[in-house]
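Visitor: For reference, the structure I am asking about is given below.
The values are calculated or read from the model by the stated rules, or taken from the named source; none is laboratory data. Here the structure is a predicted model, which is why all the values come from computation and not from measurement. Heads up, the Cβs are rebuilt from the backbone with ideal geometry, glycines too, and the neighbour counts pull from every protein chain shown. For accessibility, only protein heavy atoms count, side chains too; no ligands or nucleic acids. Shrake-Rupley method; radii C 1.70, N 1.55, O 1.52, S 1.80 Å.
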Amino acid sequence: IESICHFGSGIFIQRLTDDMTGLSERFDSFLDCISELIKSIGILFGIALVSFPLFLFQLVAMVVLLCIELRRTSVLAQNERKNRMANEAYTDIINEIVRGNREIKLYRGKEVFLQTVRERSTTVTALSMRKRRQNNSFNFTRWNLRDAFCFIYLLIEIYFIRAGRLEVTMAVVLFNYCETLLPTINTFAYVAELAKLLLQNPDVLLLDEPTN
């Protein structure tokens, strides 16, 4: 009851309905990350046995993309918190209007409440648009870098094939492994950001969710 009075009914309802779903999704993400990590270590070990130079290039590419993804996840997590607070404030004022409709008419507070609704709605829209622009910018960078790394990886394989240091069939297998490994970085970055937030504040497991 004290929490409802302090935060408002909108925040209470928003968190009550979203938190349990978010908790189960985070648990699934941790399990997925463990599976992806084991698979990635096995693939990297196999690439190292076949061609150590390709292994080194794969490792460098993954580190570069991981740095970008960590930055993206951190920025989006901050935006997610701001969006959530804005959505909770907007939900709260709507609930207050619905519950206090008669009082608002009685004291002629319609314009004040409508102005508050417009302001909070504008804030929600602006934050959502900002989040989308930043996410699109990060996606453009990481997707193009991923394609560039795959292209360079293919060129290195062609060089090794022409030099007689790599068979064509093995080159195809390694290239498929390369394309498999790079997308798994998203999962690692998500769990790393979630772990960082969890160390800063244990309650973040229920309150914040970095977006992939």
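Visitor: Any chance the stretch 134-153 includes a residue that's aromatic (Phe, Trp, Tyr), modelled with pLDDT of 90 or more and surrounded by 12 or more Cβ atoms within 10 Å (Cβ to Cβ)?
Guide: The answer is yes; a qualifying residue exists.
Visitor: Please work out which residue is nearest to ILE47 (Cα to Cα), limiting yourself to the stretch 159-175 and to residues that are touching a residue at least 12 places away in the same chain (Cβ under 8 Å) and part of a helix (DSSP H, G or I).
Guide: LEU174
Visitor: Can you tell me how many residues in the stretch 4-26 are open to solvent by 70 Å² or more (accessible area, probe 1.4 Å) and either modelled with pLDDT of 65 or more or over 26 Å from the mean Cα position of the chain (by Cα) (or both)?
Guide: Residues meeting the conditions: 3.
Visitor: In the set LEU59, LEU65, LEU44, which member is buried (at least 18 other Cβ atoms within 10 Å of the Cβ), modelled with pLDDT of 80 or more and within 20 Å of PRO183 (Cβ to Cβ)?
Guide: That would be LEU65, the only listed residue that is buried (at least 18 other Cβ atoms within 10 Å of the Cβ), modelled with pLDDT of 80 or more and within 20 Å of PRO183 (Cβ to Cβ).
Visitor: ILE104: part of a helix (DSSP H, G or I), among the β-branched types (Val, Ile, Thr) and modelled with pLDDT under 80, yes or no?
Guide: yes
Visitor: I want to confirm something. Restricting to the stretch 68-100 and keeping residues that are open to solvent by 70 Å² or more (accessible area, probe 1.4 Å) and not charged (D, E, K, R), which single residue is modelled with the lowest pLDDT?
Guide: VAL98
Visitor: What number of residues within the stretch 176-196 are without any contact (Cβ under 8 Å) to a residue 24 or more places away in the chain and either under 16 Å from ALA48 (Cα atoms) or crowded, with 20+ Cβ neighbours inside 10 Å (or both)?
Guide: Adding up the residues that qualify gives 1.
Visitor: What pairs come up if the first residue lies in the stretch 43-65 and is under 21 Å from ARG142 (Cβ atoms) and in contact (Cβ under 8 Å) with a residue 12 or more places away in the chain, the second is part of a helix (DSSP H, G or I) and polar (S, T, N, Q), and their beta carbons are under 8 Å apart, counting only those six or more places apart or on different chains?
Guide: From the stretch 43-65, the pairs are ILE43/THR180; LEU44/GLN58.
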